[in-house]
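Have a look at the structure below, then the notes.
The values are calculated or read from the model by the stated rules, or taken from the named source; none is laboratory data. Since the model is a prediction, treat every value here as computed from it, not as a measurement. Virtual Cβ from ideal backbone geometry, glycine too; neighbours counted across all protein chains shown. For the accessible areas, the whole protein counts, side chains as well, though only heavy atoms, and no ligand, DNA or RNA atoms are used. Shrake-Rupley method; radii C 1.70, N 1.55, O 1.52, S 1.80 Å.
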Amino acid sequence: MPDTPSEAPPASPRKASRSAVRGRRRVHGRAALLLLALPATAFFAVFSYAPLAGLAVAFKNFSISDGVFSSPWNGLDNFRFFFDSGDAKRILWNTLSLNVLFIAATTVCALGLAVMINEIRFRYLRKFLQSSVFLPYFISPVVVSIMLQGLLAGVGGQGGAVNKMLNIFALPSVSWYSEPGAWPWILTVVKVWQMSGYLSVIYLAAITAIPVEVYEAAAIDGASRWRMALRITVPLLAPTTVTLLMLSVGRIFYGDFGTIYAIIGDNGTLFSTTDVIDTYVFRSLRQNGDFGMTAAIGLFQSVVGLVFVLVTTFVARRFGRDTRVF
């Protein structure tokens, strides 16, 4: 008669009790994590996902009396209204060109500023400079507008510190607020002044993660501080730079409404080089009350931003193995 397989001995009561305790702890731990995530989940559900229903306005002839869901559909008429207008080409070009200037200038200046501050040997001076360059980020755009008014036009629109400096070198004064050609560069300088210090703090935090042994090995090989900065610090900051660029490119079709509108306002003389999508939408909504067109432009900005982020991610993965961030 063949041997029958012996049955597994039953688990001891002590082991079963331990397993039950571990199971209850695991359940309680998961419940605690879910409870901890509940406020954030509720926040994003209410303020990020629920408003997505309002995207229907972009495809409707919206009427406040009818509401979002009762207003009649009009297909792509809201998009055609904007793109068939004579302003679309100028608005899109201004938005794209200004953001390219902003991204390029702030990235280069912030990276250079971070490297220079990191090279300062006096710790207290380094901390002081780091805090000083970070301060402009917190200054209100309205205050920036007043400061710029004083520099370019002076009190009452007469003179200005820049014009006085030009006169010292026997150069003629410039009516800055009626010369649209200079304003892309003026706004770029303002943006660099505001954002370079903020971004440099992020780069400085990334520099602290670079191993000291790398610099010590370079010093043994006779490398100067300048060469170490160019050949070690800057290349190892590439992942941080790519990440920040991706975040910036995702909003490349969003203008800096707060700063641009505070400085330019409704000065139509400067619209040819400074009017971006956000200021155009705000002015159209204020003057015409066309909610459908503004929603259509907002949806267009979001879709284009998503496409740019995906393209940037693909390029970073395909051509920059050392700078891959995912």
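Here are a few things to note about the model shown:
- Candidate set: region 251-297, residues that are among the polar types (S, T, N, Q) and within 20 Å of the chain's Cα centre (by Cα); chosen: the one nearest to Ile139 (Cα to Cα): Thr259
- Applying the criterion of being exposed (fewer than 10 other Cβ atoms within 10 Å of the Cβ) and within 30 Å of Ala295 (Cα to Cα) to the residues of region 1-48, the residue that is modelled with the lowest pLDDT is Ser48.
- Taking region 32-79 as the range and being assigned to a helix (DSSP H, G or I) and either of a type in the set (S, T, N, Q) or touching a Phe, Trp or Tyr at 6+ places or on another chain (Cβ under 9 Å) (or both) as the test, the residues that pass are Thr41, Ser48, Ala53, Ala56, Val57, Ala58, Phe59, Val68, Ser70, Asp77, Asn78, Phe79.
- Among the conditions (1) closer than 24 Å to Leu76 by Cβ; (2) open to solvent by 20 Å² or more (accessible area, probe 1.4 Å), the only one that Gly305 does not satisfy is (2).
- Within the set Ala219, Ala223, Ala206, Ala182, the sole residue that is small (Gly, Ala, Ser) and modelled with pLDDT under 85 turns out to be Ala223.
- Extreme residue, farthest from Tyr198 (Cα to Cα), among residues of region 57-107 that are of a type in the set (Val, Ile, Thr) and open to solvent by less than 60 Å² (accessible area, probe 1.4 Å): Val68
- Within region 219-240, the presence of a residue that is under 25 Å from Ala58 (Cβ atoms) and acidic (Asp, Glu) is excluded.
- Candidate set from region 222-261 (those that are small (Gly, Ala, Ser), in contact with a Ser or Thr (Cβ under 9 Å, 6 or more places away or on another chain) and open to solvent by 30 Å² or more (accessible area, probe 1.4 Å)); member that is farthest from Ser145 (Cα to Cα): Ser248
- Counting only residues that are within 16 Å of Leu151 (Cβ to Cβ) and loosely packed, with under 10 Cβ neighbours inside 10 Å, region 168-177 holds 1 of them.
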